[in-house]
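Before any comments, here is the structure.
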Amino acid sequence: MKGYSKNMACFLLVCGVMGIIVRTVFAFSIGPPNNRTGSPADDFLTCRDGCHNSFALNAGGAEFSLSLPGQYSPGETVNITVFFTQSNTAKHGFELSALDANNKHAGTFRRVDNKTQTDDGKGNYIKHTFAGSSQSGNASWKVKWTAPSQEVPNPVTFYAAGNEANGNNTNQGDYIYTTTVQINRATPTPTPTPSGCETESMAASPDEFTIKRGETNQVVVALIPVGGCSPEAGETIVVKVNKAGRKRVSALPQSARTDENGEAVFAITAKNKTGNARVQFRYEDFKTTIKVKVVK
C-alpha cells in the first residue's frame, strides 16, 4: 500500500505539472499575457521569459516584421501589419505596443477581425487570438492604431514580440522574436505665401496724360497678383501704339520684364504731330490701355 501511495502521489504530481504546462500553453495560444512585447515599459519581457525558452531570442530562421507608415498626424488612424516570412511552423502569435520617447504608452490599438484582440481595457496592447494563432507557414495580422490627439515626445516606437511555434502543445521547441519600428509625428507644412502664382489684373500709371512735342514721360505698368501672392517678377510685357498714334508718339522699349515688384517701366516720347494716341500694354491675356495727348 505504501508503495502504491508513493506511485500515486508521483503520478498526481506529474499530472499536476503537465496540467499547468498544458493550461499555460493553451492560454498562450489564445493570446499571451500583457506586458510581453519586449519594451522598456514591459521590463523588456517577452514570452521567452519563463515559458518558450528553448532557444535564444531571435535565434530562428524566420523574419518577424512590422509594416506601417514612417510618420503620423495627431488623431490619425494608422494601418499596421504584423507578419512572419520565411517561416514553416504550424502556429504563430504576437503582441504589440507603442511607446513615446518617455516610454509611456502612446495611442490606442483596435482589432479589425477575429485574428486579434485587445484585453487590457485601454488599447495599450494588441495580440493574436486562437483563430489568429492557427496560421501555418507565413502568418500575418492586420491591426489599427489611433495616434495620440495631443502632442507626445517624438518618436513613437512600436515594440512587437512574435512566437514561431511548432504546434506540439508544449512550451518547448518554439522561437521567440522581437522587432521595433519608430515613427515621428508629421511636421505641419506651413502654407507659404504664394510667389508669382497667378496674375489677377494689370494697370498702368499714369493711365492718361498730356505731353508736349519732343518730351518724354515714363509709364509704370504693374502686374497685380491674386490676393496673397507675391508680385510676378521676370514676366514680359509688350507695348503697342495704335495706328493713328504712331505718328504722334513712340514707346520704348518694345517689351520689358517685370522687376521684383511686378512692375515694368516704359518711356513714351512725343513726336512732332499733335493729337491723341492710344498705347496698349499686354501680358498674356491681360491688357491695359493709356491715353496720350500731344500738344505744342
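The values are calculated or read from the model by the stated rules, or taken from the named source; none is laboratory data. Predicted model, so just to flag it, every value in this text is computed and none were measured. Neighbour counts are summed over all protein chains in view; Cβ atoms, including those assigned to glycine, are modelled from backbone coordinates with ideal geometry. Keep in mind that these areas ignore ligands, DNA and RNA; they rest on the heavy atoms of the full protein, side chains included. Shrake-Rupley method; radii C 1.70, N 1.55, O 1.52, S 1.80 Å.
Conditions tested, residue by residue: (1) part of a strand (DSSP E or B); (2) at pLDDT below 95.
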site: Gly121; (1), (2): no, yes
site: Lys142; (1), (2): yes, no
site: Pro148; (1), (2): no, no
site: Glu151; (1), (2): no, yes
site: Thr157; (1), (2): yes, no
site: Ala160; (1), (2): yes, no
site: Asn171; (1), (2): no, yes
site: Ile183; (1), (2): yes, no
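Any idea how many residues of segment 137-181 are touching an Asp or Glu at 6+ places or on another chain (Cβ under 6 Å) and among the β-branched types (Val, Ile, Thr)?
Count: 2.
Tell me which residues, restricted to segment 36-51, are in a loop (DSSP other than H, G, I, E, B) and within 17 Å of Asn102 (Cα to Cα).
Of all residues in segment 36-51, those in a loop (DSSP other than H, G, I, E, B) come to 36-39, 43-51.
Of everything in segment 36-51, those that are in a loop (DSSP other than H, G, I, E, B) and within 17 Å of Asn102 (Cα to Cα) turn out to be Thr37, Gly38, Ser39, Asp43, Phe44.
Just the residues that are open to solvent by 30 Å² or more (accessible area, probe 1.4 Å) and at pLDDT 95 or above, please, taken from segment 274-285.
Thr274, Asn276, Arg278, Gln280, Arg282 - these are the residues of segment 274-285 that are open to solvent by 30 Å² or more (accessible area, probe 1.4 Å) and at pLDDT 95 or above.
Ala267 passes all but one of (1) open to solvent by 20 Å² or more (accessible area, probe 1.4 Å); (2) not charged (D, E, K, R); (3) not in a strand (DSSP E or B); which number fails?
Failed condition: (3).
On the given criteria, is Ala186 among the small types (Gly, Ala, Ser), out of contact with any helix residue (DSSP H, G or I) (no Cβ under 8 Å at 6 or more places or on another chain), open to solvent by less than 50 Å² (accessible area, probe 1.4 Å) and closer than 18 Å to Pro40 by Cβ?
Details: among the small types (Gly, Ala, Ser): yes; out of contact with any helix residue (DSSP H, G or I) (no Cβ under 8 Å at 6 or more places or on another chain): yes; open to solvent by less than 50 Å² (accessible area, probe 1.4 Å): yes; closer than 18 Å to Pro40 by Cβ: no.
In short, no.
Identify the residue in segment 202-260 that is open to solvent by 50 Å² or more (accessible area, probe 1.4 Å) and basic (Lys, Arg) and, among all such residues, is nearest to Gln280 (Cα to Cα).
Here the residue is Lys240.
Regarding segment 99-109, can at least one residue be identified that is surrounded by fewer than 18 Cβ atoms within 10 Å (Cβ to Cβ) and farther than 23 Å from Asp43 by Cα?
no
Would you check which residues across segment 28-65 are surrounded by fewer than 19 Cβ atoms within 10 Å (Cβ to Cβ) and closer than 20 Å to Arg111 by Cβ and list them?
Answer for segment 28-65, where residues must be surrounded by fewer than 19 Cβ atoms within 10 Å (Cβ to Cβ) and closer than 20 Å to Arg111 by Cβ: Ile30, Pro33, Asn34, Asn35, Ser65.
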